[in-house]
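Student: Below: one structure in structure tokens.
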Amino acid sequence: MVATALTQLSPNIKPETVLSVTDSDIEPKPTPKLKDLWEEYVDYKSPKASPKTINRTYQPVTSYLNKCSTDGLQASLKFRMELLQVTTQSQARRALMQLSGCCNWSIKHEKISTNPLDGMYKDLEPTVPPPPIAFTVEERDRIIAAFETDTRPGSNYRHYASLAKFLFWTGCRPCEAVGLRWGSITLDGGRIHFHESIVEVSGRLERREETKTGVKRWFTCTPKLQNLLQSIRPIDPALDALVFPSPKDRAISETNFGDRAWKVILTSLGLNVKDGIKITPYNCRDTCITLQAMQGHSSTTIARWVGNSSKVIDEKYIDRLKLETLRPTEL
């Protein structure tokens, strides 16, 4: 058929010189493996991803894929079953969500035509994060005082008193506090520029030149916080010097601080567990946000102070406060 058409268009072409091409002569394009697509996807996403995201989000999925013998593109249901055997339901849900995103990316780049994992993660129950747990003003001040007055032999927990105050009074994330440098604070200690952090990746401390949400913000200090910063500021500090170094003048490990000094101090006060939930330094942030909301500050204002969205502040904090204080109207 091809030869006839060509000889009609050009009589000089002899039929016997034209190669005949049929569908059987075209080799089908090999179907890629999910593992290979995932590797390409991670390579694509990694340049803009934080070390923490690579370590906590991408690497676990890679590990699960290596443990599963079934390819998710060829037998998605069997792959899901294997995935649930190598990890928890909540981790499998997160992995399927990431892998579905990988498939959608692959469709966009014409590597595959369909996404067999689309929506599969929705059948698994998500992990419900604990609600924000806040201390009262009295509890907060007891914790600060315990750090300031600690005299137990061999401990240096008093060194962390200024860090505890800072966490409670600013509501910043612990990784932002341990990564704060003097170059990000005005000379009079009146304003703080939160724009970087120090995060832990596979046991290593890494500097990240952005906050968790990528939102860079200025924070105006209260007189009490301003006095704290002025009292601990060295004479002519290097702009790159940490505001809250460890006792050995290194970056503080957020994990070590939480597992040692923080845990010991709060256990001594009977505050290491509250409402049935283990308390961590992150609850200083919950405390600051909650106390500011109780003072009537809007969710938009608080969100700008702490680097979050007003929607999160409304849903996680203000709505919860309203439910705890309001009562249904008697009808």
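The values are calculated or read from the model by the stated rules, or taken from the named source; none is laboratory data. This structure is a prediction, so every number in the text was calculated from the model and none was measured. Cβ placement follows ideal geometry from the backbone for every residue including glycine, while neighbour counts extend to all protein chains displayed. SASA here: full protein model, heavy atoms, side chains in, ligands and nucleic acids out. Shrake-Rupley method; radii C 1.70, N 1.55, O 1.52, S 1.80 Å.
Student: With a/c under 1.5 counting as rounded, go ahead and sort the range 265-331 into rounded, prolate or oblate using the C-alpha gyration tensor (a ≥ b ≥ c being the square roots of the eigenvalues; past the cut-off, prolate if a/b is larger than b/c, else oblate).
Tutor: Oblate shape, in that a/c is at least 1.5 and b/c is the bigger or equal ratio.
Student: Could you tell me which of rounded, prolate or oblate describes the range 218-331, using a ≥ b ≥ c as the square roots of the eigenvalues of the alpha-carbon gyration tensor, with rounded for a/c under 1.5 and, failing that, prolate when a/b is larger than b/c and oblate otherwise?
Tutor: oblate
Student: In whole Hz, what ³J(HN,Hα) sequence does the range 279-291 give by Karplus (6.51, -1.76, 1.60; θ = phi - 60°), x for Gly and Pro?
Tutor: After applying 6.51 cos²θ - 1.76 cosθ + 1.60, I find 8, 10, x, 5, 5, 5, 5, 4, 5, 4, 4, 5, 5 Hz.
Student: Using a 7 Å offset from the Cα along the Cα-to-Cβ direction at both Trp218 and Lys263, what is the distance between the two label points in nm, to one decimal?
Tutor: 4.1 nm
Student: Consider a paramagnetic label point 7 Å from the Cα of Val128 along Cα→Cβ; state which residues of the range 258-290 have an amide N under 17 Å from it.
Tutor: 275-278, by backbone N distance to the label point.
Student: If you line up the long axis of helix 161-170 against the longest principal axis of the chain, both from Cα atoms, how many degrees apart are they, to the nearest 10?
Tutor: 70 degrees
Student: On to the next question. Report in % the part of the accessible area of the range 150-293 that belongs to carbon and sulfur, leaving out ligands and nucleic acids; probe 1.4 Å.
Tutor: Of the solvent-accessible surface of the range 150-293, carbon and sulfur hold 50 percent.
Student: Here is a follow-up. Taking only protein heavy atoms and a 1.4 Å probe, what accessible area per residue, in Å², does the chain have with all protein chains in place?
Tutor: Per residue, the chain has 59 Å² of solvent-accessible surface.
Student: Give me the angle, in degrees from 0 to 90, between the Cα long axis of helix 137-149 and the longest principal axis of the Cα atoms of the chain, rounded to the nearest 10.
Tutor: Between the helix axis and the principal axis of the chain, the angle is about 80 degrees.
Student: Compute the angle between helix 34-45 and the longest alpha-carbon principal axis of the chain, please, reported from 0 to 90 degrees and rounded to the nearest 10.
Tutor: 50 degrees
Student: Name the lysines eligible as straight-distance cross-link partners of Lys48: C-alpha to C-alpha under 24 Å, and not fewer than 8 places from it in the same chain.
Tutor: Once the sequence-local lysines are set aside, what remains near Lys48 is Lys35, Lys108, Lys111, Lys212, Lys216.
Student: Return the carbon/sulfur percentage of the accessible area of the range 82-149, one whole number, probe 1.4 Å, all protein chains in place.
Tutor: The value for the range 82-149 is 51 percent carbon and sulfur by accessible area.
Student: Rounded, prolate or oblate: which one fits the chain, using the alpha carbon gyration tensor with axes a ≥ b ≥ c (rounded when a/c is under 1.5, else prolate when a/b beats b/c, else oblate)?
Tutor: On the way: a/c = 2.66, a/b = 2.26, b/c = 1.17.
Prolate.
Student: Can you compute the FRET efficiency between Lys78 and Thr255 using 1/(1 + (r/R0)^6), with r the Cβ-Cβ distance and R0 = 41 Å? Round to the nearest 0.05.
Tutor: That pair, Lys78 with Thr255, gives E of 0.60.
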